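Down below is the structure, laid out as structure tokens.
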Amino acid sequence: MKIDRSKFIGGSEAAAVLGLSRWSTPLQVWALKTGQIERSDEHTLAQILGNRLEEVVAEMFTEKTGLKVRRANETIYHPDYAFLGSNIDRAVVGKREGLECKTASGWKAKEWAGEEIPVEYIIQVKHY
């Protein structure tokens, strides 16, 4: 099912809207949302692998924590601000919590050194 992302700001766009993304700008987000430019349906190898590995990450999370998760196959909208939408990777069963399943290649190791998390992902999770 294809989601019409032109109707809301999603978590993966939140850092760009704030001007804090390495990959996109507020102007690019606006241009995509208003149809000034078209979104590419072509995915990078990293995106394809990340999507496929979500299940593995979710399974490992359950093994490590004992918490069960389920797919969240819906867009969740803020109750007061309908232009803010979220597509979380997994919902934690029995809690109002989500699981964002991230993977990265060895080339990105410095970005994740120690307890560091890239700012784009922190903003994405706070958006959710």
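The values are calculated or read from the model by the stated rules, or taken from the named source; none is laboratory data. These numbers come from a predicted model, not from an experiment. Glycine also receives a Cβ, built like all others from the backbone with ideal geometry; neighbour counts cover every protein chain displayed. The accessibility values were calculated without ligands, DNA or RNA, using every heavy atom of the protein model including side chains. Shrake-Rupley method; radii C 1.70, N 1.55, O 1.52, S 1.80 Å.
Scanning for something closer than 17 Å to residue 23 by Cβ, in a loop (DSSP other than H, G, I, E, B) and of a type in the set (Lys, Arg), does segment 104-118 turn up at least one residue? The answer is no; no qualifying residue exists.
Set side by side, the residues 69, 17, 57 differ, and just one is of a type outside the set (Ser, Thr, Tyr), in contact with a Leu (Cβ under 6 Å, 6 or more places away or on another chain) and surrounded by 12 or more Cβ atoms within 10 Å (Cβ to Cβ), which is 69. Residue count for segment 25-51 satisfying the condition of being under 14 Å from the mean Cα position of the chain (by Cα) and either open to solvent by less than 60 Å² (accessible area, probe 1.4 Å) or at pLDDT 95 or above (or both): 1.
Taken over segment 26-72, the residue count meeting the criterion of being part of a helix (DSSP H, G or I), farther than 25 Å from residue 96 by Cβ and basic (Lys, Arg) is 2. Taking residues in segment 69-98 that are in contact (Cβ under 8 Å) with a residue 40 or more places away in the chain, and partners anywhere that are in a strand (DSSP E or B) and among the aromatic types (Phe, Trp, Tyr), the pairs with Cβ atoms closer than 9 Å and at least 6 places apart or on different chains are 83/77; 84/77; 85/77; 86/77. Just one of the listed residues (12, 6) is surrounded by 11 or more Cβ atoms within 10 Å (Cβ to Cβ), touching a residue at least 24 places away in the same chain (Cβ under 8 Å) and in a helix (DSSP H, G or I), and it is 12. Of the candidates 113, 109, the single residue that is more than 13 Å from the chain's Cα centre (by Cα), exposed (fewer than 15 other Cβ atoms within 10 Å of the Cβ) and under 24 Å from residue 59 (Cβ atoms) is 109.
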